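Take a look at the structure set out below.
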Amino acid sequence: YCMARHKYKNKIHKHIGYEPSGQAFNAFVLDKEGHPHNPMINAGAIMTCSLIEPDLEPALRFDAIQENIKRMSGNKYKIGFCNSVFLSEKKHAYRNYALAYFMNERKAFPPGTDLSTTLDLYFQSCSITINSSAGSVIAATLAMGGVCPITGERIYSKETVRDCLALMYQCGMYDYSGQFAFKIGLPAKSGVSGCLFLVVPNKYGICIWSPRLDEMGNSVRGVQFCHA
């Protein structure tokens, strides 16, 4: 989202909303404008991938995402790729294919979007590997308003990070987002790998990894840690 927001500014929201969906992360539902509700759910993440360096060759588009993650983590940690996860994501992606064609039927994508290339980029992005140390630096970069605390490099503007954190606060914890915002009051993003990013603005970032998930797809121990 930060990459697309940085490139297109607020024009990104001609294709992606910024409201909680109130539905499951992979639900067939769009907002009243016919767009994904936000970039934190499957439909919104697929749409975001369509906006990342669309004029580059597919391999260069993925390289750009990996390079961005390296910079956010201070160029200190290995940012890997798991091919078996990619192949599994692609093989069992019936619902994601359906979501993409559903959005295409509603003319939600930018003109000229190639669905196959966009979906491959989404599956590749889902297959990037990091460790929790790298994740904590990424979260800290967001906490510092877009400046990596290790290198001092400004990677994103304060405005881009502000919008990202607002979305994390409202939508980052799947169907638990509202309760998490009320009880914890901090921007966070969980994933079905069991990873959870927690951002304390102007202070620090935390990355928690514990694979056991609750019924909403959030890390059980990650959420418990945040409540502690």
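The values are calculated or read from the model by the stated rules, or taken from the named source; none is laboratory data. Only a predicted model underlies this, so the values are computations on that prediction, with no experimental measurement involved. Cβ placement follows ideal geometry from the backbone for every residue including glycine, while neighbour counts extend to all protein chains displayed. The accessibility values were calculated without ligands, DNA or RNA, using every heavy atom of the protein model including side chains. Shrake-Rupley method; radii C 1.70, N 1.55, O 1.52, S 1.80 Å.
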Checklist entry - Under the Karplus relation 6.51 cos²θ - 1.76 cosθ + 1.60, θ = phi - 60°, what is the ordered set of whole-Hz ³J(HN,Hα) values for the stretch 135-142, x standing for Gly and Pro? => result x, 5, 6, 4, 5, 5, 4, 5
Item to check | Cα centroid separation - the stretch 57-76 against the stretch 87-124, whole Å | outcome: 21 Å
Next on the checklist: For a bin width of 5 Å, list the pair-distance distribution of the stretch 1-122 built from all Cα-Cα distances, rounded to whole %.
Outcome noted: 2, 11, 21, 22, 22, 14, 7, 2, 0
Item to check | Carbon + sulfur, % of accessible area of the stretch 1-137 - ligands and nucleic acids excluded, 1.4 Å | outcome: 51 percent
Checklist entry - To one decimal place, what orientation-averaged projected area in nm² is obtained for the convex hull of the Cα set of the stretch 57-152? => result 7.4 nm²
Checklist outcome for this item: Place a point 7 Å from the Cα of LYS14 in the direction of its beta carbon; the residues of the stretch 99-117 whose amide N falls under 15 Å from it are 107-113
Item to check | Contact order normalised by residue count of the chain, Cα under 8 Å, 6+ apart, percent | outcome: 19 percent
Next on the checklist: How much accessible area per residue does the chain have, counting only protein heavy atoms and a probe of 1.4 Å, in square angstrom?
Outcome noted: 50 Å²
Next on the checklist: When the expected Rg is taken as 2.2 N^0.38 Å, what fraction or multiple of it is the alpha-carbon Rg of the chain?
Outcome noted: 0.95
Item to check | Centre separation in Å (Cα based) which lies between the stretch 131-202 and the stretch 1-34 | outcome: 17 Å
